[in-house]
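Below is one structure; the comments refer to it alone.
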Amino acid sequence: AAAGAEGPVEGGPPDHSYSLSSGTTSEELLRKLNEQRDIIALLEVKMKEMKGSIRRLRLAEAQLREEIREKDRLLHAASAGTRKRHGL
């Protein structure tokens, strides 16, 4: 038997937390679909925000690594100069 526009959907999967009950109306299906679309839209916004955060973190990491390299060079140069002055 075909379900009417507002009638229940029959022959669906067994009830699970992720499935719909066999008595779901098309109105309920549409509401659930719209809820899922809203969730997806929010997730897309969050993903864009996270990508921006990751980009900023990578830039900060690169800057910190460069600062560490520069400080290592200075320490190495200072250490080499001290050894030369003391005849090591």
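Rolling a 1.4 angstrom probe over the range 26-87 with all protein chains present gives an accessible area of which 61% lies on carbon and sulfur atoms.
Heavy atoms of the protein chains alone define the surface here; on that basis the range 26-87 has 95 Å² accessible area per residue at 1.4 Å probe size.
Across the range 26-87, the volume of the C-alpha convex hull divided among the residues equals 48 Å³ per residue. Projecting label points 7 angstrom from Cα along Cα→Cβ for Leu59 and Ile40 puts them 3.2 nm apart. Ranked from largest to smallest solvent-accessible area, with a 1.4 Å probe on the protein heavy atoms, Ser53, Ser22 come out as Ser22, Ser53. For the pair Glu28 and Arg73, label points projected 7 Å from Cα toward Cβ lie 6.9 nm apart.
The values are calculated or read from the model by the stated rules, or taken from the named source; none is laboratory data. Keep in mind it's a predicted model, so treat the numbers as computed, not measured. Cβ: placed from backbone, ideal geometry, glycine included. Neighbour counts: every protein chain shown. Please note that ligands, DNA and RNA were not included when accessible areas were found on the heavy atoms of the full protein model with its side chains. Shrake-Rupley method; radii C 1.70, N 1.55, O 1.52, S 1.80 Å.
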